[in-house]
1. Please compute the per residue accessible area over the chain with all protein chains in place, 1.4 Å probe, rounded to a whole number of Å².
2. Compute the signed sum of charges (Lys and Arg +1, Asp and Glu -1) over the other residues within less than 11 Å, Cβ to Cβ, of residue 364.
3. Scan the stretch 282-391 for chymotrypsin sites (Phe, Trp or Tyr not before Pro) in coil per DSSP, keeping those whose Cβ has at most 16 other Cβ atoms within 10 Å, and list them by number.
4. Using +1 on the beta carbon of Lys and Arg, -1 on that of Asp and Glu, and nothing else charged, what's the dipole of the chain about the Cα centre, debye to 20?
5. Sorted by packing (mean other beta-carbon atoms within 10 Å per residue), highest first, where do 272-283, 78-89, 370-381, 172-183 land?
6. Go through 97-108, 32-43, 138-149 and give me the packing order, highest mean Cβ count within 10 Å leading.
7. What FRET efficiency would be calculated for the residue pair residue 239, residue 323, taking the C-beta separation as r and a Förster radius of 41 Å, to the nearest 0.05?
8. Would you please put 12-18, 252-258 in order of how densely packed they are, using the mean number of other Cβ atoms within 10 angstrom per residue and starting with the highest?
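The values are calculated or read from the model by the stated rules, or taken from the named source; none is laboratory data. Since we're looking at a predicted model, the values are computed, not measured. FYI the Cβ positions are ideal-geometry reconstructions off the backbone, even for glycines, and counts take in every protein chain you see. Calculation scope for accessible area: heavy atoms of the full protein, side chains included, ligands and nucleic acids excluded. Shrake-Rupley method; radii C 1.70, N 1.55, O 1.52, S 1.80 Å.
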Amino acid sequence: MRVPLLDLHGQMAPLRDEILAAVTEVIDSTQYILGPKVERFEKNIAAYCGSGHGIGVASGTDALLAALMALEIGPGDAVLTTPYSFFATMGCILRLGAKPVFADIDPVTYNIDPACMAEVLADDARSGKRIKAIIPVHLYGQCADMGRILALAQEYNLPIVEDAAQAIGALYPMQTGGQTVWQRAGSMGKAGCFSFFPSKNLGGIGDGGLITCNDSELAERLRIIRVHGGAPKYHHGVVGGNFRIDPIQTVVLEVKLARLPEWHKARRRNAANYRRLFAQTDLLKTGEVSLPKAVYEVEGMMVGEGCDYHIYNQFVIRVRDRDGLLRHLINHEIGAEIYYPIPLHRQECLAGFGYDKVLFPEAERAALETLALPIFPELTEAMQCFVVEQISEFYT
Ligand SMILES: *Cc1c(COP(=O)(O)O)cnc(C)c1O
């Protein structure tokens, strides 16, 4: 049996006609840049995410870059982020001439650890206050610990740019005045950045991204930065870029947005299936495999709608002899990937930043021990059985 890490055929087939009709409408309209279809999509996504404004951009990478540009991050500044993420999280900082500063991750969620952040921020406050913003990443589809991160941001008066590229719709239980308010990824910081790369839970037929925010002045600035900083056109008070999303992507995404809650639910069901299947083996007891933990899950919330405490963009396990297991799975036609094999502080482009000596042990350990298994919504139970069987076989 072949089990790909991701197969989009099953998602596209039932939507094909609807998507073709929507795309045809764009083609016939000749409105190929921005316009009412993009605006409608921005409103719908912002509403879904519980944010006041949505600004569509060309990619998740551009969302991060434009957000930092709007916050006027530049040379001499530092930005605090996680050492364990996709490169774009750090790339946007470096592209603006600023310096990434890292705080290690929590070994359970793989998200930035607020306790480590507190140490880094205290150090920075003592040594010149260069940190000007914080980028937490909601890795694999589960929010970073935003309550504690917001408290730190408040204490040090720093804006938060949430990298929510893997977490559209993911809920975080914010404690306010003795009450729990579930808030969606991207709605808690100063700005939230989303990606519609085809492998994300909401993926286009190419690149796309979006920034959410609640501050209308910031939203206006982002809209201007998106079109080269021209406001009005040909008058450039600031330098922006061409960061626009195409209407051809937004109409496709709009068709898919209507299905997003059921896809989240299917991914959560698949995660529950893995938990059941792994529990029937010895792998968890022997410690050969540990499963991801949905830390915000509440009893009784398992499969219902609107319970997106984890949207499982990836189902990442921690294993013994990871590289051996990966080879075994690939040999048996099972798709698996390492997200990510090299922590950000170890990237060659940071040579000279002095990070070769600084250690982020949990990020380093995650890079050596973790592996993502297939979790896409259309994955069948038979495929999941085969995956778990093959993992069992490898360890026996
Ligand atoms: C996908 C991703 C991005 C970048 O998004 P693109 O649309 O591919 O540019 C940024 N950060 C994280 C965590 C991602 O997973």
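1. Here the residues of the chain average 42 Å² of exposed surface.
2. Net of charged neighbours comes to -1.
3. 353
4. Value, rounded to 20: 440 debye.
5. My ranking of the peptides, most packed first, is 78-89, 370-381, 272-283, 172-183.
6. By packing density, highest mean first, the sequence is 138-149, 97-108, 32-43.
7. 0.40
8. Highest mean packing first, the order is 252-258, 12-18.
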